Amino acid sequence: MSETQRNRKRKSAGGDYIVQGSILAAAAMISKIIGVVYRIPLTNILRDEGNGYYGYAYQVYAFALMLSSLSLPTAVSKLVSARRALNQQKNAFRAFVGSLVFASVVGLVIAVTIFFGAGVISEHMMKAPLSVYALKVLAPGLFIVAVMAVLRGYFQGLGTMIPTAVSQVIEQIVNAVVSIAGASVLFGMGTRLGNETGEDLLGPAYGAAGGTLGTVTGALTGLIFLLFVLWMFRGGIRKRLRHDRTKKTETYSHILKVLLLTAVPVVFSTAIYNINQIIDLTVFNHVMDAQGYAESEYIALQGIYTGKYDPLINVPMAIPNALCTSLVPSLTMVVMTKQRKKVHYQIDQILRLTTILTIPSCVGFLVLASPLMVLLYNDPSATPANLLMLGAVVIVLYGWASITNSVLHGLNYMSSPAKHAAIALVVHLAVFVVMLVVFRMNVYALPASNIVFALTMCYLNQRKIRKVCGFKMNFGHLFIKPLIASAIMGVITFLIHWGLDTLIGGRVIPTVTAIVVAIIIYVILILKMGTLSEEDMLALPMGARLLRASRRLHLMPEESSD
(Lines give C-alpha, C1' and ligand atoms only; values in the text may rest on other atoms or scores of the structure.)
Protein backbone atom coordinates (compact mmCIF):
# COMPACT_ATOMS: atom_id res chain seq x y z
CA MET A 1 0.00 0.00 0.00
CA SER A 2 1.41 3.42 -0.95
CA GLU A 3 2.02 6.27 1.48
CA THR A 4 -0.83 8.24 -0.09
CA GLN A 5 -3.23 5.31 0.30
CA ARG A 6 -2.19 4.88 3.89
CA ASN A 7 -2.75 8.54 4.64
CA ARG A 8 -6.13 8.42 2.94
CA LYS A 9 -7.06 5.37 4.95
CA ARG A 10 -5.99 7.01 8.18
CA LYS A 11 -8.00 10.13 7.41
CA SER A 12 -11.03 8.17 6.43
CA ALA A 13 -10.84 6.40 9.76
CA GLY A 14 -10.96 9.71 11.53
CA GLY A 15 -7.47 9.32 12.93
CA ASP A 16 -6.56 13.00 13.10
CA TYR A 17 -7.98 13.30 16.60
CA ILE A 18 -5.56 10.54 17.64
CA VAL A 19 -2.65 12.53 16.21
CA GLN A 20 -3.78 15.68 17.98
CA GLY A 21 -4.53 13.74 21.14
CA SER A 22 -1.09 12.13 21.00
CA ILE A 23 0.56 15.56 20.77
CA LEU A 24 -1.43 16.74 23.75
CA ALA A 25 -0.79 13.47 25.62
CA ALA A 26 2.96 13.83 25.07
CA ALA A 27 2.86 17.38 26.44
CA ALA A 28 0.67 16.27 29.34
CA MET A 29 3.07 13.44 30.18
CA ILE A 30 6.03 15.83 30.07
CA SER A 31 4.12 18.22 32.32
CA LYS A 32 3.19 15.46 34.74
CA ILE A 33 6.75 14.14 34.86
CA ILE A 34 8.00 17.66 35.55
CA GLY A 35 5.30 17.85 38.22
CA VAL A 36 6.47 14.65 39.89
CA VAL A 37 10.14 15.67 39.68
CA TYR A 38 9.67 19.14 41.17
CA ARG A 39 7.36 17.75 43.85
CA ILE A 40 10.31 15.73 45.18
CA PRO A 41 12.28 18.77 46.43
CA LEU A 42 9.02 20.58 47.19
CA THR A 43 7.85 17.66 49.35
CA ASN A 44 11.19 17.60 51.14
CA ILE A 45 10.99 21.33 51.79
CA LEU A 46 7.38 21.35 52.98
CA ARG A 47 7.49 18.00 54.84
CA ASP A 48 4.30 16.04 55.39
CA GLU A 49 2.63 18.85 57.38
CA GLY A 50 3.31 21.45 54.69
CA ASN A 51 2.13 19.05 51.99
CA GLY A 52 -1.07 18.66 53.96
CA TYR A 53 -1.73 22.41 53.91
CA TYR A 54 -0.72 22.56 50.25
CA GLY A 55 -3.12 19.71 49.45
CA TYR A 56 -6.02 21.32 51.35
CA ALA A 57 -5.61 24.65 49.59
CA TYR A 58 -5.15 23.04 46.22
CA GLN A 59 -8.33 20.97 46.54
CA VAL A 60 -10.37 24.13 47.23
CA TYR A 61 -8.57 25.87 44.36
CA ALA A 62 -9.32 22.93 42.06
CA PHE A 63 -13.00 23.09 42.97
CA ALA A 64 -13.16 26.86 42.36
CA LEU A 65 -11.21 26.34 39.14
CA MET A 66 -13.81 23.86 38.05
CA LEU A 67 -16.57 26.41 38.59
CA SER A 68 -14.74 29.14 36.69
CA SER A 69 -12.89 27.40 33.88
CA LEU A 70 -12.29 23.63 33.79
CA SER A 71 -15.38 22.98 31.65
CA LEU A 72 -14.58 25.81 29.25
CA PRO A 73 -12.05 24.09 26.94
CA THR A 74 -14.55 21.28 26.33
CA ALA A 75 -17.53 23.64 25.93
CA VAL A 76 -15.72 26.17 23.72
CA SER A 77 -14.13 23.50 21.53
CA LYS A 78 -17.53 21.87 21.08
CA LEU A 79 -19.18 25.19 20.14
CA VAL A 80 -16.41 26.13 17.72
CA SER A 81 -16.09 22.68 16.09
CA ALA A 82 -19.87 22.35 15.63
CA ARG A 83 -19.97 25.67 13.73
CA ARG A 84 -16.87 24.79 11.71
CA ALA A 85 -18.54 21.52 10.68
CA LEU A 86 -21.27 23.69 9.11
CA ASN A 87 -18.62 26.08 7.70
CA GLN A 88 -19.87 28.95 9.87
CA GLN A 89 -16.52 30.65 10.56
CA LYS A 90 -17.98 33.94 11.78
CA ASN A 91 -20.24 32.21 14.28
CA ALA A 92 -17.32 30.08 15.43
CA PHE A 93 -15.29 33.22 16.17
CA ARG A 94 -18.25 34.90 17.86
CA ALA A 95 -18.57 31.83 20.07
CA PHE A 96 -14.94 32.36 21.08
CA VAL A 97 -15.39 36.07 21.83
CA GLY A 98 -18.59 35.53 23.81
CA SER A 99 -16.95 32.74 25.81
CA LEU A 100 -13.94 34.94 26.54
CA VAL A 101 -16.09 37.72 28.02
CA PHE A 102 -18.10 35.23 30.05
CA ALA A 103 -14.97 33.51 31.42
CA SER A 104 -13.34 36.82 32.36
CA VAL A 105 -16.34 37.94 34.41
CA VAL A 106 -16.91 34.58 36.12
CA GLY A 107 -13.20 34.06 36.77
CA LEU A 108 -12.84 37.49 38.37
CA VAL A 109 -15.88 37.05 40.62
CA ILE A 110 -14.77 33.63 41.88
CA ALA A 111 -11.17 34.77 42.38
CA VAL A 112 -12.30 37.70 44.55
CA THR A 113 -14.69 35.46 46.49
CA ILE A 114 -12.00 32.88 47.28
CA PHE A 115 -9.44 35.52 48.24
CA PHE A 116 -11.68 37.27 50.77
CA GLY A 117 -13.34 34.06 51.94
CA ALA A 118 -10.11 32.10 52.42
CA GLY A 119 -10.20 32.46 56.19
CA VAL A 120 -13.71 31.08 56.56
CA ILE A 121 -13.07 28.24 54.13
CA SER A 122 -9.81 27.10 55.72
CA GLU A 123 -10.97 27.35 59.34
CA HIS A 124 -14.57 26.17 59.24
CA MET A 125 -14.80 23.98 56.13
CA MET A 126 -11.40 22.33 55.94
CA LYS A 127 -10.56 22.37 59.66
CA ALA A 128 -7.04 23.50 58.72
CA PRO A 129 -6.83 27.25 59.55
CA LEU A 130 -3.21 27.68 58.47
CA SER A 131 -4.02 26.69 54.88
CA VAL A 132 -5.42 30.22 54.50
CA TYR A 133 -2.07 31.58 53.27
CA ALA A 134 -1.78 29.11 50.39
CA LEU A 135 -5.42 29.66 49.44
CA LYS A 136 -5.00 33.44 49.23
CA VAL A 137 -1.96 33.07 46.99
CA LEU A 138 -3.85 30.72 44.67
CA ALA A 139 -6.93 32.96 44.31
CA PRO A 140 -5.64 35.24 41.48
CA GLY A 141 -4.85 32.16 39.42
CA LEU A 142 -8.57 31.49 39.06
CA PHE A 143 -9.03 34.53 36.82
CA ILE A 144 -5.88 33.79 34.81
CA VAL A 145 -6.79 30.16 34.15
CA ALA A 146 -10.38 31.07 33.18
CA VAL A 147 -9.14 33.27 30.33
CA MET A 148 -6.50 30.72 29.34
CA ALA A 149 -9.13 27.95 29.25
CA VAL A 150 -11.16 29.76 26.57
CA LEU A 151 -8.06 30.30 24.43
CA ARG A 152 -7.19 26.61 24.68
CA GLY A 153 -10.75 25.63 23.83
CA TYR A 154 -10.74 27.87 20.78
CA PHE A 155 -7.56 26.34 19.37
CA GLN A 156 -8.87 22.84 20.12
CA GLY A 157 -12.09 23.70 18.28
CA LEU A 158 -9.97 24.74 15.30
CA GLY A 159 -8.49 21.24 15.32
CA THR A 160 -5.03 21.96 16.71
CA MET A 161 -3.79 20.89 20.12
CA ILE A 162 -0.28 22.30 19.65
CA PRO A 163 -0.87 25.70 21.37
CA THR A 164 -2.46 23.93 24.33
CA ALA A 165 0.34 21.38 24.46
CA VAL A 166 3.18 23.91 24.34
CA SER A 167 1.49 26.22 26.84
CA GLN A 168 1.09 23.31 29.28
CA VAL A 169 4.79 22.52 29.18
CA ILE A 170 5.82 26.18 29.56
CA GLU A 171 3.35 26.61 32.41
CA GLN A 172 4.71 23.58 34.25
CA ILE A 173 8.37 24.55 33.85
CA VAL A 174 7.74 28.00 35.32
CA ASN A 175 5.55 26.43 38.00
CA ALA A 176 8.35 24.06 39.03
CA VAL A 177 11.05 26.73 39.32
CA VAL A 178 8.94 29.29 41.17
CA SER A 179 7.31 26.69 43.47
CA ILE A 180 10.63 25.36 44.74
CA ALA A 181 12.12 28.81 45.19
CA GLY A 182 8.98 30.24 46.81
CA ALA A 183 8.53 27.29 49.18
CA SER A 184 12.15 27.41 50.28
CA VAL A 185 12.15 31.14 51.01
CA LEU A 186 8.74 31.32 52.68
CA PHE A 187 9.28 28.16 54.75
CA GLY A 188 12.28 29.83 56.34
CA MET A 189 10.34 33.04 56.94
CA GLY A 190 7.45 31.15 58.48
CA THR A 191 9.73 29.10 60.71
CA ARG A 192 11.40 32.22 62.10
CA LEU A 193 8.04 33.86 62.67
CA GLY A 194 6.70 30.67 64.24
CA ASN A 195 9.58 30.59 66.70
CA GLU A 196 8.68 34.12 67.77
CA THR A 197 4.93 33.49 68.08
CA GLY A 198 5.05 29.92 69.36
CA GLU A 199 3.17 28.50 66.31
CA ASP A 200 5.13 25.39 65.28
CA LEU A 201 3.21 24.82 62.03
CA LEU A 202 3.68 28.34 60.66
CA GLY A 203 6.78 27.30 58.71
CA PRO A 204 4.98 24.52 56.77
CA ALA A 205 1.97 26.82 56.23
CA TYR A 206 4.12 29.62 54.79
CA GLY A 207 6.07 27.08 52.74
CA ALA A 208 2.82 25.77 51.24
CA ALA A 209 1.91 29.33 50.26
CA GLY A 210 5.30 29.70 48.57
CA GLY A 211 4.72 26.44 46.70
CA THR A 212 1.36 27.63 45.37
CA LEU A 213 2.98 30.81 44.07
CA GLY A 214 4.42 28.73 41.25
CA THR A 215 0.94 27.64 40.17
CA VAL A 216 -0.16 31.23 39.63
CA THR A 217 3.08 32.35 37.97
CA GLY A 218 3.06 29.35 35.63
CA ALA A 219 -0.55 30.01 34.63
CA LEU A 220 0.26 33.63 33.85
CA THR A 221 3.17 32.56 31.64
CA GLY A 222 0.97 30.07 29.80
CA LEU A 223 -1.67 32.75 29.20
CA ILE A 224 0.91 35.16 27.77
CA PHE A 225 2.11 32.46 25.38
CA LEU A 226 -1.42 31.69 24.16
CA LEU A 227 -2.15 35.37 23.61
CA PHE A 228 1.02 35.55 21.52
CA VAL A 229 -0.11 32.53 19.45
CA LEU A 230 -3.53 34.09 18.93
CA TRP A 231 -1.83 37.25 17.68
CA MET A 232 0.24 35.12 15.28
CA PHE A 233 -2.98 33.41 14.06
CA ARG A 234 -4.74 36.71 13.38
CA GLY A 235 -4.07 36.66 9.62
CA GLY A 236 -5.55 33.20 9.10
CA ILE A 237 -8.54 34.01 11.31
CA ARG A 238 -9.30 37.19 9.34
CA LYS A 239 -9.01 35.29 6.06
CA ARG A 240 -11.52 32.66 7.17
CA LEU A 241 -13.92 35.34 8.35
CA ARG A 242 -13.72 37.19 5.01
CA HIS A 243 -14.48 34.04 3.04
CA ASP A 244 -17.40 33.03 5.26
CA ARG A 245 -20.77 33.27 3.47
CA THR A 246 -22.94 32.47 6.48
CA LYS A 247 -26.17 34.43 6.18
CA LYS A 248 -27.33 34.18 9.78
CA THR A 249 -25.06 35.63 12.44
CA GLU A 250 -25.67 34.35 15.95
CA THR A 251 -26.24 36.92 18.69
CA TYR A 252 -24.01 36.92 21.73
CA SER A 253 -27.01 36.28 23.94
CA HIS A 254 -27.75 33.11 21.97
CA ILE A 255 -24.09 32.06 22.17
CA LEU A 256 -24.09 32.64 25.93
CA LYS A 257 -27.20 30.49 26.26
CA VAL A 258 -25.65 27.66 24.22
CA LEU A 259 -22.38 28.01 26.15
CA LEU A 260 -24.19 27.66 29.46
CA LEU A 261 -26.25 24.71 28.24
CA THR A 262 -23.01 23.08 27.10
CA ALA A 263 -20.79 24.06 30.02
CA VAL A 264 -23.12 23.64 32.99
CA PRO A 265 -23.51 19.85 32.66
CA VAL A 266 -19.74 19.55 32.23
CA VAL A 267 -19.24 21.83 35.25
CA PHE A 268 -21.62 19.75 37.30
CA SER A 269 -19.96 16.43 36.47
CA THR A 270 -16.48 17.93 36.95
CA ALA A 271 -17.68 19.54 40.17
CA ILE A 272 -18.63 16.20 41.57
CA TYR A 273 -15.20 14.80 40.73
CA ASN A 274 -13.57 17.73 42.56
CA ILE A 275 -16.02 18.06 45.43
CA ASN A 276 -15.56 14.34 45.90
CA GLN A 277 -11.94 15.02 46.90
CA ILE A 278 -12.83 18.02 49.09
CA ILE A 279 -15.57 16.11 50.90
CA ASP A 280 -13.22 13.17 51.36
CA LEU A 281 -10.55 15.36 52.93
CA THR A 282 -13.06 17.13 55.16
CA VAL A 283 -14.75 13.92 56.33
CA PHE A 284 -11.36 12.29 56.82
CA ASN A 285 -10.17 15.14 59.06
CA HIS A 286 -13.30 15.20 61.18
CA VAL A 287 -13.39 11.43 61.65
CA MET A 288 -9.68 11.24 62.44
CA ASP A 289 -10.11 14.10 64.92
CA ALA A 290 -13.06 12.31 66.54
CA GLN A 291 -11.02 9.12 66.77
CA GLY A 292 -8.40 10.94 68.85
CA TYR A 293 -5.70 11.72 66.30
CA ALA A 294 -3.79 14.99 66.70
CA GLU A 295 -3.96 17.57 63.88
CA SER A 296 -0.28 17.02 63.06
CA GLU A 297 -0.94 13.28 62.63
CA TYR A 298 -3.84 13.45 60.21
CA ILE A 299 -2.29 16.42 58.39
CA ALA A 300 0.82 14.30 57.84
CA LEU A 301 -1.25 11.37 56.53
CA GLN A 302 -3.06 13.76 54.22
CA GLY A 303 0.31 15.07 53.05
CA ILE A 304 1.38 11.55 52.07
CA TYR A 305 -1.83 11.07 50.12
CA THR A 306 -1.80 14.44 48.32
CA GLY A 307 1.98 14.88 48.07
CA LYS A 308 3.22 11.39 47.17
CA TYR A 309 0.31 9.21 46.04
CA ASP A 310 -1.70 11.71 43.98
CA PRO A 311 1.17 13.06 41.83
CA LEU A 312 2.21 9.55 40.79
CA ILE A 313 -1.33 8.38 40.02
CA ASN A 314 -1.91 11.51 37.92
CA VAL A 315 1.05 10.89 35.58
CA PRO A 316 -0.50 8.03 33.53
CA MET A 317 -3.91 9.67 33.89
CA ALA A 318 -2.63 12.50 31.68
CA ILE A 319 -2.91 10.25 28.60
CA PRO A 320 -6.65 9.47 28.70
CA ASN A 321 -7.33 13.06 29.76
CA ALA A 322 -5.49 14.32 26.67
CA LEU A 323 -7.35 11.89 24.42
CA CYS A 324 -10.60 13.17 25.95
CA THR A 325 -9.68 16.71 24.98
CA SER A 326 -9.15 15.81 21.32
CA LEU A 327 -12.07 13.39 21.17
CA VAL A 328 -14.90 15.84 21.98
CA PRO A 329 -14.51 18.25 19.01
CA SER A 330 -13.74 15.36 16.61
CA LEU A 331 -16.70 13.25 17.72
CA THR A 332 -18.94 16.34 17.66
CA MET A 333 -18.09 16.95 13.99
CA VAL A 334 -18.73 13.28 13.13
CA VAL A 335 -22.09 13.34 14.92
CA MET A 336 -23.03 16.59 13.15
CA THR A 337 -22.39 14.91 9.78
CA LYS A 338 -24.38 11.79 10.88
CA GLN A 339 -21.69 9.18 10.20
CA ARG A 340 -22.84 6.35 12.50
CA LYS A 341 -20.14 3.83 11.55
CA LYS A 342 -17.45 6.41 12.11
CA VAL A 343 -18.93 7.22 15.53
CA HIS A 344 -18.68 3.55 16.53
CA TYR A 345 -15.16 3.31 15.12
CA GLN A 346 -13.93 6.32 17.11
CA ILE A 347 -15.49 5.07 20.34
CA ASP A 348 -13.95 1.61 19.93
CA GLN A 349 -10.56 3.01 19.00
CA ILE A 350 -10.37 5.46 21.91
CA LEU A 351 -11.45 2.81 24.42
CA ARG A 352 -8.85 0.33 23.13
CA LEU A 353 -6.09 2.91 23.30
CA THR A 354 -7.17 3.80 26.83
CA THR A 355 -6.93 0.23 28.11
CA ILE A 356 -3.67 -0.39 26.24
CA LEU A 357 -2.12 2.60 28.04
CA THR A 358 -3.68 2.46 31.52
CA ILE A 359 -3.55 -1.27 32.35
CA PRO A 360 0.29 -1.54 32.20
CA SER A 361 0.56 1.61 34.31
CA CYS A 362 -1.63 -0.04 36.93
CA VAL A 363 0.47 -3.23 36.93
CA GLY A 364 3.70 -1.22 37.00
CA PHE A 365 2.60 0.63 40.13
CA LEU A 366 1.58 -2.65 41.78
CA VAL A 367 4.99 -4.19 41.14
CA LEU A 368 7.22 -1.16 41.77
CA ALA A 369 5.24 0.76 44.41
CA SER A 370 7.89 0.68 47.14
CA PRO A 371 10.90 1.15 44.79
CA LEU A 372 9.19 4.19 43.22
CA MET A 373 8.59 5.79 46.62
CA VAL A 374 12.21 5.19 47.56
CA LEU A 375 13.47 6.47 44.19
CA LEU A 376 11.37 9.64 44.14
CA TYR A 377 10.91 10.54 47.80
CA ASN A 378 13.54 8.43 49.58
CA ASP A 379 10.65 7.06 51.65
CA PRO A 380 10.91 3.32 52.45
CA SER A 381 7.93 3.38 54.86
CA ALA A 382 4.96 1.13 54.22
CA THR A 383 2.13 3.67 54.03
CA PRO A 384 3.03 5.47 50.75
CA ALA A 385 3.77 2.19 48.93
CA ASN A 386 0.59 0.54 50.21
CA LEU A 387 -1.47 3.54 49.10
CA LEU A 388 0.01 3.30 45.60
CA MET A 389 -0.65 -0.43 45.34
CA LEU A 390 -4.20 -0.10 46.59
CA GLY A 391 -5.00 2.85 44.33
CA ALA A 392 -3.24 1.61 41.18
CA VAL A 393 -6.47 0.27 39.67
CA VAL A 394 -7.88 3.81 39.88
CA ILE A 395 -5.75 4.61 36.81
CA VAL A 396 -7.72 2.15 34.67
CA LEU A 397 -11.12 3.02 36.12
CA TYR A 398 -10.77 6.81 36.10
CA GLY A 399 -9.29 6.68 32.60
CA TRP A 400 -12.29 4.65 31.45
CA ALA A 401 -14.73 6.98 33.22
CA SER A 402 -13.09 10.08 31.71
CA ILE A 403 -13.18 8.68 28.17
CA THR A 404 -16.82 7.59 28.43
CA ASN A 405 -17.71 11.03 29.83
CA SER A 406 -16.19 12.60 26.72
CA VAL A 407 -17.93 10.13 24.44
CA LEU A 408 -21.29 11.16 25.90
CA HIS A 409 -20.36 14.85 25.53
CA GLY A 410 -19.42 14.26 21.91
CA LEU A 411 -22.72 12.44 21.34
CA ASN A 412 -24.52 15.55 22.67
CA TYR A 413 -25.69 13.87 25.86
CA MET A 414 -24.16 16.58 28.02
CA SER A 415 -26.14 15.99 31.21
CA SER A 416 -25.70 12.21 31.43
CA PRO A 417 -22.17 12.23 32.95
CA ALA A 418 -23.35 14.77 35.53
CA LYS A 419 -26.27 12.56 36.57
CA HIS A 420 -24.03 9.52 36.73
CA ALA A 421 -21.43 11.39 38.79
CA ALA A 422 -24.11 12.45 41.29
CA ILE A 423 -25.18 8.82 41.75
CA ALA A 424 -21.57 7.69 42.05
CA LEU A 425 -20.88 10.39 44.66
CA VAL A 426 -23.70 9.18 46.90
CA VAL A 427 -22.53 5.56 46.65
CA HIS A 428 -18.91 6.61 47.20
CA LEU A 429 -19.63 8.70 50.30
CA ALA A 430 -21.65 5.95 51.94
CA VAL A 431 -18.84 3.45 51.37
CA PHE A 432 -16.17 5.97 52.46
CA VAL A 433 -17.84 6.65 55.82
CA VAL A 434 -18.25 2.93 56.48
CA MET A 435 -14.58 2.36 55.65
CA LEU A 436 -13.47 5.09 58.06
CA VAL A 437 -15.88 4.57 60.94
CA VAL A 438 -16.61 0.83 60.89
CA PHE A 439 -13.48 -0.69 59.39
CA ARG A 440 -11.12 2.10 60.57
CA MET A 441 -9.16 1.95 57.33
CA ASN A 442 -7.51 5.28 58.07
CA VAL A 443 -5.89 6.94 55.03
CA TYR A 444 -6.41 3.79 52.93
CA ALA A 445 -10.13 4.59 52.79
CA LEU A 446 -9.32 7.48 50.42
CA PRO A 447 -8.10 5.46 47.40
CA ALA A 448 -10.42 2.52 48.21
CA SER A 449 -13.54 4.69 48.06
CA ASN A 450 -12.30 6.31 44.84
CA ILE A 451 -12.31 2.87 43.27
CA VAL A 452 -16.00 2.54 44.15
CA PHE A 453 -16.75 5.97 42.65
CA ALA A 454 -14.96 5.20 39.37
CA LEU A 455 -16.52 1.75 39.04
CA THR A 456 -19.98 3.23 39.39
CA MET A 457 -19.23 5.89 36.77
CA CYS A 458 -17.87 3.33 34.30
CA TYR A 459 -20.94 1.12 34.56
CA LEU A 460 -23.47 3.95 34.22
CA ASN A 461 -21.63 5.65 31.34
CA GLN A 462 -21.15 2.46 29.37
CA ARG A 463 -24.81 1.53 29.75
CA LYS A 464 -25.88 4.96 28.48
CA ILE A 465 -23.53 4.85 25.47
CA ARG A 466 -24.96 1.51 24.38
CA LYS A 467 -28.49 2.84 24.76
CA VAL A 468 -28.07 6.08 22.78
CA CYS A 469 -25.86 4.98 19.87
CA GLY A 470 -25.98 1.19 19.85
CA PHE A 471 -22.26 0.74 20.54
CA LYS A 472 -21.64 -2.66 22.14
CA MET A 473 -18.42 -3.05 24.05
CA ASN A 474 -16.42 -6.27 23.65
CA PHE A 475 -14.72 -6.71 27.03
CA GLY A 476 -12.51 -9.52 25.83
CA HIS A 477 -11.37 -7.49 22.84
CA LEU A 478 -10.67 -4.43 24.98
CA PHE A 479 -9.23 -5.91 28.18
CA ILE A 480 -7.90 -9.46 27.80
CA LYS A 481 -4.88 -8.87 25.56
CA PRO A 482 -3.62 -5.74 27.41
CA LEU A 483 -4.14 -7.59 30.72
CA ILE A 484 -2.17 -10.66 29.58
CA ALA A 485 0.65 -8.50 28.19
CA SER A 486 0.72 -6.40 31.38
CA ALA A 487 0.79 -9.49 33.62
CA ILE A 488 3.79 -10.94 31.74
CA MET A 489 5.46 -7.52 31.86
CA GLY A 490 4.81 -7.29 35.60
CA VAL A 491 6.42 -10.65 36.40
CA ILE A 492 9.52 -9.89 34.32
CA THR A 493 9.76 -6.37 35.80
CA PHE A 494 9.60 -7.74 39.35
CA LEU A 495 12.31 -10.32 38.64
CA ILE A 496 14.61 -7.76 36.99
CA HIS A 497 14.25 -5.30 39.88
CA TRP A 498 14.72 -8.04 42.47
CA GLY A 499 17.82 -9.35 40.70
CA LEU A 500 19.46 -5.94 40.25
CA ASP A 501 18.55 -4.88 43.78
CA THR A 502 20.17 -8.04 45.13
CA LEU A 503 23.30 -7.78 42.98
CA ILE A 504 23.85 -4.01 42.78
CA GLY A 505 21.47 -2.29 45.17
CA GLY A 506 20.85 1.45 45.30
CA ARG A 507 17.84 3.63 44.58
CA VAL A 508 18.28 4.42 40.90
CA ILE A 509 19.72 1.63 38.72
CA PRO A 510 17.40 -1.27 39.69
CA THR A 511 14.21 0.78 39.44
CA VAL A 512 15.02 2.77 36.29
CA THR A 513 16.32 -0.34 34.49
CA ALA A 514 13.20 -2.28 35.44
CA ILE A 515 10.95 0.52 34.12
CA VAL A 516 12.80 0.75 30.79
CA VAL A 517 12.73 -3.01 30.28
CA ALA A 518 9.05 -3.11 31.24
CA ILE A 519 8.16 -0.56 28.54
CA ILE A 520 10.10 -2.46 25.86
CA ILE A 521 8.58 -5.80 26.81
CA TYR A 522 5.05 -4.45 26.89
CA VAL A 523 5.33 -2.76 23.49
CA ILE A 524 6.66 -5.98 21.94
CA LEU A 525 3.90 -8.07 23.50
CA ILE A 526 1.13 -5.68 22.48
CA LEU A 527 2.30 -5.62 18.87
CA LYS A 528 2.94 -9.39 18.70
CA MET A 529 -0.53 -10.12 20.08
CA GLY A 530 -2.15 -7.93 17.42
CA THR A 531 -3.77 -5.60 19.95
CA LEU A 532 -2.99 -2.57 17.78
CA SER A 533 -4.43 -2.78 14.30
CA GLU A 534 -2.88 -1.27 11.19
CA GLU A 535 -5.46 1.53 11.32
CA ASP A 536 -4.48 2.24 14.93
CA MET A 537 -0.82 2.49 13.97
CA LEU A 538 -1.56 4.76 11.02
CA ALA A 539 -3.63 7.03 13.26
CA LEU A 540 -0.60 7.79 15.44
CA PRO A 541 1.90 10.58 14.73
CA MET A 542 4.39 9.22 12.17
CA GLY A 543 2.15 6.17 12.02
CA ALA A 544 3.32 4.94 8.61
CA ARG A 545 6.96 4.97 9.77
CA LEU A 546 6.07 3.17 12.99
CA LEU A 547 4.18 0.53 11.02
CA ARG A 548 7.09 -0.05 8.65
CA ALA A 549 9.55 -0.27 11.54
CA SER A 550 7.31 -2.76 13.35
CA ARG A 551 7.16 -4.94 10.25
CA ARG A 552 10.91 -4.81 9.71
CA LEU A 553 11.34 -6.02 13.28
CA HIS A 554 8.67 -8.71 12.66
CA LEU A 555 6.46 -7.31 15.43
CA MET A 556 3.37 -7.14 13.21
CA PRO A 557 2.13 -9.43 10.43
CA GLU A 558 2.58 -8.37 6.84
CA GLU A 559 -0.48 -6.78 5.27
CA SER A 560 -2.51 -9.28 3.25
CA SER A 561 -3.02 -8.45 -0.41
CA ASP A 562 -6.52 -7.53 -1.53
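The values are calculated or read from the model by the stated rules, or taken from the named source; none is laboratory data. Computed from a predicted model, the values in this text were never measured in an experiment. Backbone-built Cβ (ideal geometry, glycine too); neighbour counts: all protein chains shown. These area figures cover heavy atoms from the full protein model, side chains too; ligands, DNA and RNA do not enter into them. Shrake-Rupley method; radii C 1.70, N 1.55, O 1.52, S 1.80 Å.
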If you average the C-alpha positions of the range 383-435 and of the range 86-136 separately, how far apart do those two centres end up, in angstrom? 24 Å
Output the peptides 143-150, 481-488 sorted from most to least packed, where packing is the average of other Cβ atoms within 10 Å over each peptide's residues. 143-150, 481-488
Students often check this: by mean Cβ neighbours within 10 Å, which of 407-416, 374-383 ranks highest, and how do the rest follow? 407-416, 374-383
Quantify, in whole percent, the carbon and sulfur part of the accessible surface of the chain (1.4 Å probe; protein heavy atoms only). 67 percent
Using 0.36 nm times the number of residues separating residue 480 and residue 264, minus their current alpha carbon distance, what extension gain do you get? 74.1 nm
Of the peptides 429-437, 359-367, 288-296, how do they stack up when ordered by the mean number of other Cβ atoms within 10 Å, highest first? 359-367, 429-437, 288-296
Can you list the lysines whose alpha carbon sits under 21 Å from that of residue 247, skipping same-chain ones fewer than 8 residues off? 90, 239, 257
Tell me the mean residue ellipticity at 222 nm calculated for the chain from its helices only (DSSP H runs of n ≥ 4, each -39500 (n - 2.57), averaged over every residue, nearest 500). -28500 deg cm²/dmol
Amide H to amide H, which residues 5 or more places from residue 379 or on other chains are under 5 Å from it, using H placed in the peptide plane? 374
With θ set to phi - 60°, apply the Karplus curve 6.51 cos²θ - 1.76 cosθ + 1.60 along the range 474-480 and write out the HN-Hα couplings as whole Hz, x wherever there is a Gly or Pro. 9, 4, x, 5, 8, 10, 4
Theoretical FRET efficiency, 1/(1+(r/R0)^6), r = Cβ-Cβ of residue 548 and residue 191, R0 56 Å, to 0.05: 0.40
Contour excess over end-to-end distance, with Cα ends at residue 555 and residue 199 and 0.36 nm allotted per residue: 121.9 nm
Compute the length gained on full extension between residue 44 and residue 123: take 0.36 nm times their separation in residues and subtract their Cα-Cα distance, giving the result in nm to one decimal. 25.9 nm
Just to be sure I follow the definition: excluding the sites themselves, where is the longest run in the chain that has none of the trypsin sites (Lys or Arg not before Pro) in a DSSP loop with at most 12 other Cβ atoms within 10 Å? 1-244
Among the lysines, which fall within straight-line cross-link reach of residue 136, defined as a Cα-Cα distance under 23 Å, with same-chain neighbours fewer than 8 residues apart omitted? 127
FRET efficiency for residue 112 and residue 257, Cβ-Cβ distance as r, R0 = 35 Å, nearest 0.05? 0.85
Mean Kyte hydropathy of 1.6 or more with a Cα span along the axis of at least 20 Å, helices from DSSP in the chain: 416-437, 509-528
For the chain, what is the accessible area per residue in Å², given a 1.4 Å probe and the full set of protein chains? 42 Å²
